[in-house]
Amino acid sequence: MPDVSLFLPICDALDISVNELLIGERIATQENKKADEILVETIQASNKKLKSAQIVIYIFAVLVNALFMIGVPLTATPSDAMAVPLAALLGGAVSALLLSCLNIKPMRLFLFIPISVIELLVGSILYCGALYDYGLPYATILAFVQLTLFLLAMGIRKIIRKLIKTKRKNKSS
């Protein structure tokens with residue numbers, strides 16, 4: 001499907017309405033140009049709302065990750081030695097799943113990785129005290145595990161999208 005901004009020029013060039021373009025066949029009664037413009041404006045407004053929702057989800061994923069990476073170590077005691085890494089992994093998994101639901105450019109998705117590493121470093125400094133004695137290896141291991149979870153979620157997203165495309169193709173044929 002072409003970009004929404006190209007609907008009207010394509011329809012003008014093909015001498016069809018936007019409804020005909022979307023349906024993929026000629027309609028016996030021609031709708032006027034105003035109906036096509038309203039349809040295009042509605043789709044564009046819907047795309048803007050979708051982008052806004054995606055930005056909110058992205059920020060929410062960063063905040064969830066920060067809660068698990070910084071908030072848990074901040075409140076942890078030395079007896080919580082296993083809970084802190086598990087909470088960090090849980091936060092990474094939840095954030096990766098949230099981000100895998102978004103339909104945004106991969107580069108914007110991968111910007112989450114350095115943000116997450118910074119959050120891990122801050123959390124490890126808070127929990128481990130001395131960054132270079134114990135905190136840096138701790139943060140490095142968790143960063144690699146979280147990166148693995150993130151890439152796994154992105155791979156699952158790609159597989160699901162391929163399955164959906166295949167299912168749609170099978171339905172149409």
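Quick notes
- Selected residue (only one of SER95, SER79 is without any contact (Cβ under 8 Å) to a residue 24 or more places away in the chain, among the hydroxyl-bearing types (Ser, Thr, Tyr) and either at negative phi or part of a helix (DSSP H, G or I) (or both)): SER79
- Residue match in region 54-62 (condition: of a type in the set (Phe, Trp, Tyr) and surrounded by 15 or more Cβ atoms within 10 Å (Cβ to Cβ)): yes
- Looking at LEU126, LEU121, LEU89, just one residue is free of Cβ contacts under 8 Å to residues at least 40 places away in the same chain and not in a loop (DSSP other than H, G, I, E, B), and that residue is LEU121.
- Restricting attention to region 1-46, the residues that are at pLDDT 80 or above, of a type in the set (A, V, I, L, M) and under 32 Å from the mean Cα position of the chain (by Cα) add up to 3.
- Residue in region 102-109 that is closer than 15 Å to PHE144 by Cβ and in a helix (DSSP H, G or I) present: no
- Matching residues in region 78-132 - criterion: being among the small types (Gly, Ala, Ser) and more than 18 Å from ILE57 (Cα to Cα): SER79, ALA81, ALA83, ALA87, ALA88, GLY123, SER124, GLY129, ALA130
- Residues that are β-branched (Val, Ile, Thr) and more than 25 Å from SER95 (Cα to Cα) within region 148-173 comprise just one, THR166.
- Some residue of region 47-60 being at pLDDT 85 or above, part of a helix (DSSP H, G or I) and of a type in the set (Gly, Ala, Ser): yes
- Single match in LEU126, LEU142, LEU131, LEU111 (criterion: at pLDDT 75 or above and either under 16 Å from PHE68 (Cα atoms) or of a type outside the set (Lys, Arg) (or both)): LEU111
The values are calculated or read from the model by the stated rules, or taken from the named source; none is laboratory data. Keep in mind that what you see is a predicted model, and the values were worked out from it rather than measured. Cβ coordinates were reconstructed from backbone atoms using ideal geometry, including for glycine residues, and neighbour counts include every protein chain displayed.
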